[in-house]
Each structure stands twice: as C-alpha cells, then as structure tokens.
Amino acid sequence: MRDEDDIELRIRPYLVTRGRTAVDPRLRVDSTVLATGQIAPTEIRAEHGHALGLCQRPASIAELAAQLDLPVPLAKVLVTDLLVHSAVCLRATPDEAPDLHILEEVLHGLRRL
Amino acid sequence: MGSDDSETIPIPVKLVIAGGFGVGKTTFIGSCSEIRPVRTEELLTTASVGTDDLTGVRAKTTTTVAADFGRITFPYSNHGLVVYLFGTPGQRRFWPLWTELTRGAIGAVVLADVRKLDDCFDALTFFETRDIPFIVAINVFNDAHTYDNQELRAALALPPQVPLLFCDARHQRSVVDVLIGLVEHVHARTRHTLSTLPLGEPR
C-alpha cells in the first residue's frame, strides 16, 4: 500500500512544496519525458496527476508547460518530482549540436514531407 | 535521480525561429508543425534600479516571455526523431532566454520583414557573436516592394557564407524549404569543420 504522503505532490504556482526549489539539472525546455507506467495518473493528485496523464505519450517540457498553463520553470519542478518518483523517464537534450548522422536523418525527414 | 531509460523516446532536435514582433514566426511554425503552435511562458528575472529609491537598491522584476512551440516527428530506428521548433522575440532584453533555447540546437532561422528589416538586427547579433549557425529568410508579403538579394544582404550586413532565402510563412512547402536550407547549411558547416581538423584528431 503506497503511503499517500510519498506521492502527495500538490503545488500551487509560485509556491513550491516543502521549500524544495531544486530542478533536475538535465531538464531543458526541449527535454522529452515518457511515463514509465510504474505510477498511474489516477494515483496522484492535481497538477502532478494531470502532467503524468499528458506523459503517456512522449512529451516535451514545452508542451507540458503549455498544456498545464504553467510557466516553463514550474513545469520543470513538476517533472522533477515525477522523475524522482520514477513515474517518468527522460530523454535529455545534449548540450552539443547534433552530429552529421542526425542532421542527415533530419534532412531525409524534411525532404519527405 | 530518476531513471534514464530512454530507448523508446524519440531523439529530440531543436530549431529556433527568431525575428521581430509580427514578422510571422507563429505562422511559420504553424505551417510545418504537426500540432497547432502552443505558447509557452518563460520567466525572465532582471535587475532594475528604482528611480525613486534613494538608496539605489536594485529591485528584481520578473517578466514572462512567450515562446511559440511546434513539433515535427519523423520515423527513425525504433523510436523516431522529433524536431522541436521554438519561436521567440529577438529583442536584446530576451537574450538570457535565448541561451537555453539555443543550447544544443541545430541552428536558427532569422525571419525578417523588408518593411521592418531592423527588427531582426538583435537576433543576427546574438547568433553571430555566439557563432550559432543561422540563415535569414525574408517573409514575403504581397504588398511589399521587391528588393534584390544584394540590396538585402548589404542592408543586413550579412557575411557571404550566410544563406538568404525568401519564403511565404503561410505555405508549408515554402516553410519546409527554409528548414531544409538551414539544415543543409549546418550540415555543410559541420562537414567543413570536421575536414579541417588536423590528422589524427578524434572526430
């Protein structure tokens, strides 16, 4: 039986619960997350449950922020919480520009549009 | 901290669409994005000096900056490739936001309007000073005077190796051609950089 307090992650905009302000340093506005399936959206409340629901398909921080109607920094806080609880997994964006191979794949894709 | 099992998540890449207010960034993104463009808000904290404050204490103000967001997904390997498109006003005061948006990006399209050409100057300066690859796309409006390539390149003080294209931001074909132009430019630049590395240098 999961303790409700463990996953009670309710926050209000501009207020961070339990004085926590740490954001996973890997998160960028274009980082992509996907639900792991370990926690169901219905098991957690409010913005976290809503966010997890949106992560059932790969979603970027930007999309989550827009759909949750939150500024990007607060969306990152929500996603950090979900990451900490292994509710989502992350594909972080690299700091370096993509290599030739990826550029060629992007070109192929664009030319086929 | 958290799991990083990312094999099933598409590889994200990023393109930035820069330009002045009203130049057509949202339209441009809307013409190629598989989702309707959404608007994200970033918080920008700046220090300001209160004019009435005798102690000269700097107050911080937080403004929100809106960025348009769009997406194009391609099949690739098991998980796919997703191109994220970000459009943000290019004014100098938003530059702190640009630093995160451009980190790891393929490059940028600087969208310009011949009727308000200097609106794009701040964006040009940003990319040039950070050596971020970019191209310029002139968004052509029906009633605008037509200028030739050389006139525009001179007005923008554009170095010869930076491509200048024309587009209609309302049309998918035109917009996709601009994106292809940008990625081809970056590809050529990357190849050139690799080919000029000394022998024995790791690639």
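A short reminder: the numbers here are calculations on the coordinates, not readings from a lab. Everything quoted here is computed from the prediction, not taken from an experiment. No Cβ is skipped: glycine too gets one built from the backbone with ideal geometry, and neighbour counts run over all protein chains shown.
Please give the calculated 222 nm ellipticity per residue for chain B, where each DSSP H segment of at least 4 residues contributes -39500 (n - 2.57) and the sum is spread over every residue; nearest 500 deg cm²/dmol? Don't skip to the answer; put the middle values down first.
Working: 5 runs with 57 residues, N = 203.
That calculation yields -8500 deg cm²/dmol at 222 nm.
Relative to one another, the C-alpha centroids of segment B:63-101 and segment A:78-113 are positioned 12 Å apart. The magnitude of the dipole of segment B:102-174, with charges of +1 and -1 set on the Cβ of Lys/Arg and Asp/Glu and taken from the Cα centre, is near 280 debye. Using the Cβ of B:Val162 as centre and a radius below 11 Å, the other residues enclosed give a net charge of +1, where K and R count +1 and D and E count -1. Report note on the peptides A:85-93, B:191-199, B:147-155, A:40-48: ranked by the mean count of other C-beta atoms within 10 Å, highest first, their order is A:85-93, A:40-48, B:147-155, B:191-199. Taking a ≥ b ≥ c as the square roots of the eigenvalues of the Cα gyration tensor, an a/c ratio of 1.5 or more together with a/b no larger than b/c marks segment B:7-190 as oblate. Take each residue of peptide B:173-184, count the partner chain Cβ atoms within 10 Å of its Cβ, and average: the result is 3. Entry note, segment B:92-203: relative contact order of 27 percent, from Cα contacts under 8 Å with a spacing of 6+ residues. Checking the a/c ratio against 1.5 first, then a/b against b/c, what shape does the Cα gyration tensor give for segment B:91-203? It is prolate, given that a/c is not under 1.5 and a/b is the larger ratio.
Taking all Cα pairs closer than 8 Å and separated by 6 or more residues, the relative contact order of segment B:7-190 comes to 25 percent.
Could you compute the net charge surrounding B:Ile180? Neighbours are other residues with a C-beta less than 14 Å from the C-beta of B:Ile180; K and R count +1, D and E count -1. Local net charge: -1.
Across segment B:101-158, the relative contact order, built from alpha-carbon pairs under 8 Å that are at least six residues apart, equals 41 percent. Sorting A:55-64, B:181-190, B:163-172 by their mean Cβ neighbour count within 10 Å, with the most densely packed peptide first, gives A:55-64, B:181-190, B:163-172.
Computed 3J(HN,Hα) for segment B:120-127, one whole-Hz value per residue from the Karplus formula 6.51 cos²θ - 1.76 cosθ + 1.60 where θ = phi - 60°, is 9, 4, 4, 5, 4, 4, 4, 5, glycine and proline marked x.
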